[in-house]
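Derivation of every value follows stated rules applied to the coordinates shown; laboratory data play no part. Small disclaimer: the values here were computed from a predicted structure and weren't measured. Ideal geometry is used to build each Cβ from the backbone, glycine not excepted, and the neighbour counts take in all protein chains shown.
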Amino acid sequence: MNIKKAGVFLYTMLSTMKVNLVGQLWLSELLVVIAAPFTFRPDDLKTYPYLKKILVALLVLLVFQMVTDLLAVGNSPQNYLRGWAATVIALLSFVVLFKTLNDTTTILFFLFMTMIKNIIYTDDIVDSDMSYFKFKIAPILTMAMYLVLYQLYKRGELKMALTVLIGCSLLCFAFDSRSTGVIFFIGAVITYFMNNNVHISRQKVILFSVMAAVLFQVAYVFYVRSVLAGEIGGEHSRTQIGRLANPYNPLELLITGRAETFAAGAAIADAPLFGHGSWAEDKSLKYYMILLMYHNEDLNTQRAKEDTHLVPSHSVLMGAWVNWGIGGFLAVLYLFWMIVKMGLYIIRNGQELALYPVLVLIFIGLIWTFLFSPFQHLRLYIPGLAAIIMNNYYALVMETEEEEPPYGIPIHA
């Protein structure tokens, strides 16, 4: 085992253990802090402009955090130090993981060890039958599928790879993990179109959009009927769909499923310039009540006050605005856009990469994470996946320019 794989092994295994230091940190994050001085070189910023832009975005975010916490809201040291530490950890993680996950073998080992970690470790959020598949089985399934897709695509078995993707998508829909199912399905569609040189015209886009909308609505009707009949899904899906005025309207399901978005919008409207600060508490329960309203639930004031409720967002992008105002949002939006540009380049030009379908899924997953996942994902999950995208982007660019990739990612491995 070389030093990079040893580092990957420690990083994944230590991400299951916490230590109290400026809030709770994973031991893997302490490993990143220790490793950063030995992996970063100043000329990396010149060699890899996107890495530089991402780090600049995080530094700008840190500046706006300080302005909001110290000058605008007068936050407590306990809260603002936790907020700042998360951004610093994210910055260091981008550097270390970018310099580590720089060849196909190491990337595959990272995916494999992440799967093993998910098998061994069960997060506290897995506390019901509903959450078991979504938060325990689905992450394991995702990593296992990445490894299978790599092997199938490498051997030229595109149809089998797409069949695996669609099958896993249907499995996730059946077991209450709709977001993962959507990502798998979109990944299959993109991989199919980009590997068959489908000429895209305005007429085809319109025709495909209409057909897709009709097929989606038909499939959605069958899905709702099956859930309400108890044939697929779990108690969470039945409860969620059962409280809708029109369960066959997918927009109503989206609204009740993403109620945090509306709560975050109200929080942004209340403090658009500087935000509410790091780890801002919803002391008046104003935004918590908005969540309950969209969930058609009544407020139990006594029970609600027994817990600490943070101002909700459930979105990396909106969370930045909620907590640190328009400046924080623009910094994270710029970071997001840098990743999107690299991902789109890979989708358009990377069909010869053996990791292509995996990269497509990782890219779609990153978009979903920025839009619909808690802000803490910026430090916990985004750096590793973005590092994989960035390394393959540079390998592909260097191959196009007929230059040797600096990190030697095998384009046709």
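Structural remarks
- Viscosity 0.890 mPa s, temperature 25 °C, Stokes-Einstein D of region 262-390 from Kirkwood C-alpha radius, µm²/s: 152 µm²/s
- Among residues other than residue 17 with Cβ under 12 Å from its Cβ, the summed charge is +1 (Lys and Arg +1, Asp and Glu -1).
- Whether the chain is rounded, prolate or oblate, judged on the alpha carbon gyration tensor where a/c under 1.5 counts as rounded: oblate
- Residue by residue, region 142-159 carries 3J(HN,Hα) couplings of 4, 5, 4, 5, 4, 5, 5, 4, 4, 5, 5, 5, 4, 8, x, 8, 5, 4 Hz when phi is fed to the Karplus relation 6.51 cos²θ - 1.76 cosθ + 1.60 (θ = phi - 60°); x denotes Gly or Pro.
- Region 147-262, dipole about Cα centre (Lys/Arg Cβ +1, Asp/Glu Cβ -1), debye to the nearest 20: 360 debye
- Gyration tensor (alpha-carbon) shape descriptor, region 19-98, a/c threshold 1.5: oblate
- Stretch gain in nm, segment residue 201-residue 123, where the contour uses 0.36 nm per residue and the Cα spacing is subtracted: 23.5 nm
- Distant-in-sequence amide H partners of residue 281 (H built 1.01 Å from N, under 5 Å): 311
- Built amide H within the under 5 Å cut-off of residue 232, gap 5+: 227
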